[in-house]
Amino acid sequence: MRAGGTKTGLSYIDKNTPVHRLTGASKLLMVLFLSLSAMITFDTRLLAIIVVLSFILFVVSRVPLREMKMIAGFLVFILAMNTIITYLFAPEEGVRIYGTRTEIFHIIGRYYITQEQLFYQFNQTLKYLAILPLALIFFVTTEPSEFAASLNKIGVNYKIAYSVTLALRYIPTVMREYREISQAQQARGVDLSKNVKITTRVRGMVSIMFPLIITSIDRIDRIANAMELRSFGKNKTRTWYQSRPFKKVDYFVITLSALLIVAAIVMGIINGGRFLNPFV
């Protein structure tokens, strides 16, 4: 089943691919292990390997790029802002980390472009490129009910797992209702296009958010009452309809991901720290 109608980039997209056929638990562990590997190292070689694996998984999952347009644009914006802010507040961080200074040119004041800073921020970018595609792949290739079963399988309380799943299921609904309310407002003459001032658009969005919040609270109340009437949370454990047993490929993926954590630790020992220093 495909969560249709929205292009948030976080809806489950049902396809028959090797990534989709992995169990939710193995995909979740893969994402956690690879993300941990990327977080604990600044070794460019290892980060590049994780980035390549992430993009291979993205291609294999056959997720249509148009489905990811909105979320991908947002992530590119966040990545660009992080790069700019890092340089503005710490233009010499690379110099401090690598212990050398190789100036390329001077911008103004204390802002210099150095090879060390460029290399440091390049590694930062690799970290984002390693982690973000993995997270997106997990969300679009894992059915929400199986996601809850996956969380519970790795030790998360099933009440928390179910709450997370409900939130994920609700995102497409909220986006759809926002568009419907927006279209209704525009049909009544409220212009929310790029032709009006940003302040007018913001006021229009605020007027949309109020009824959206009211309907959301009402729906949450109905869901909570329905779950309470069915004695949800009475027992300490529960079974899952979407839970699947591990296969050989699941164990292989988990083992490979865990080995990358070991590789990150080993590279840290070899490099004498988290950072690969090519300037010495």
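I need the full set of residues from region 198-225 which are touching a residue at least 24 places away in the same chain (Cβ under 8 Å) and either among the hydroxyl-bearing types (Ser, Thr, Tyr) or not assigned by TED's automatic domain parsing to the domain that holds PRO172 (or both), in order please.
Correct list: THR215, SER216.
Consider GLN115 against the criteria (1) under 30 Å from THR17 (Cβ atoms); (2) touching a residue at least 60 places away in the same chain (Cβ under 8 Å): it satisfies all of them except one. Which criterion is unmet?
(1) is the only condition that GLN115 fails.
Would a scan of region 148-155 turn up a residue that is surrounded by fewer than 16 Cβ atoms within 10 Å (Cβ to Cβ) and within 28 Å of GLU228 (Cα to Cα)? I'd like the intermediate steps shown before the answer.
Quick first cut of region 148-155, residues surrounded by fewer than 16 Cβ atoms within 10 Å (Cβ to Cβ) only: 154-155.
Narrowing the set further to residues that are within 28 Å of GLU228 (Cα to Cα) leaves 154-155.
Checked region 148-155: at least one residue is surrounded by fewer than 16 Cβ atoms within 10 Å (Cβ to Cβ) and within 28 Å of GLU228 (Cα to Cα).
Of everything in region 208-242 that's polar (S, T, N, Q), touching a helix residue (DSSP H, G or I) at 6+ places or on another chain (Cβ under 7 Å) and farther than 13 Å from TYR162 by Cβ, which residue is most open to solvent (accessible area, probe 1.4 Å)?
Only one residue fits best here, namely THR215.
Consider region 100-147. How many of its residues are over 29 Å from ARG62 (Cβ atoms), among the acidic types (Asp, Glu) and crowded, with 17+ Cβ neighbours inside 10 Å? Give the derivation first.
Step one: of region 100-147, the residues over 29 Å from ARG62 (Cβ atoms) are 100-124.
Narrowing the set further to residues that are among the acidic types (Asp, Glu) leaves 103, 116.
Still in the running and crowded, with 17+ Cβ neighbours inside 10 Å: 116.
Number satisfying all stated conditions: 1.
What pairs come up if the first residue lies in region 249-278 and is touching a residue at least 12 places away in the same chain (Cβ under 8 Å), the second is of a type in the set (Asp, Glu), and their beta carbons are under 8 Å apart, counting only those six or more places apart or on different chains?
ALA264/ASP43; MET267/ASP43; GLY268/ASP43; ASN271/ASP43; ARG274/ASP43; PHE275/ASP43; LEU276/ASP43
Against the conditions (1) in contact (Cβ under 8 Å) with a residue 60 or more places away in the chain; (2) more than 29 Å from ARG176 (Cα to Cα); (3) of a type outside the set (Gly, Ala, Ser), where does HIS20 fall short? Just the number, please.
Failing condition for HIS20: (2).
Between MET81, MET68, which is out of contact with any His (no Cβ under 6 Å at 6 or more places or on another chain), hydrophobic (A, V, I, L, M, F, W, C) and open to solvent by less than 50 Å² (accessible area, probe 1.4 Å)?
Numbers: MET81 fails: open to solvent by less than 50 Å² (accessible area, probe 1.4 Å).
Result: MET68 is the single residue among MET81, MET68 that is out of contact with any His (no Cβ under 6 Å at 6 or more places or on another chain), hydrophobic (A, V, I, L, M, F, W, C) and open to solvent by less than 50 Å² (accessible area, probe 1.4 Å).
Can you name the residue in region 243-280 that is farther than 30 Å from TYR98 by Cα and hydrophobic (A, V, I, L, M, F, W, C) and is also most open to solvent (accessible area, probe 1.4 Å) among such residues?
As a first pass, look at region 243-280 and keep what is farther than 30 Å from TYR98 by Cα: 243-256.
Next, from what is left, pick out any that are hydrophobic (A, V, I, L, M, F, W, C): 246, 249, 252-254, 256.
Working: PHE246: 58, VAL249: 75, PHE252: 131, VAL253: 21, ILE254: 28, LEU256: 75 Å².
Taking the candidates together, the pick is PHE252.
The values are calculated or read from the model by the stated rules, or taken from the named source; none is laboratory data. The structure displayed is predicted, hence computed values, not measured ones. Using ideal geometry, Cβ is built from the backbone for each residue, glycine included, and neighbour counts are taken over all protein chains shown. Surface accessibility is based on the protein's heavy atoms, side chains included, excluding ligands, DNA and RNA. Shrake-Rupley method; radii C 1.70, N 1.55, O 1.52, S 1.80 Å.
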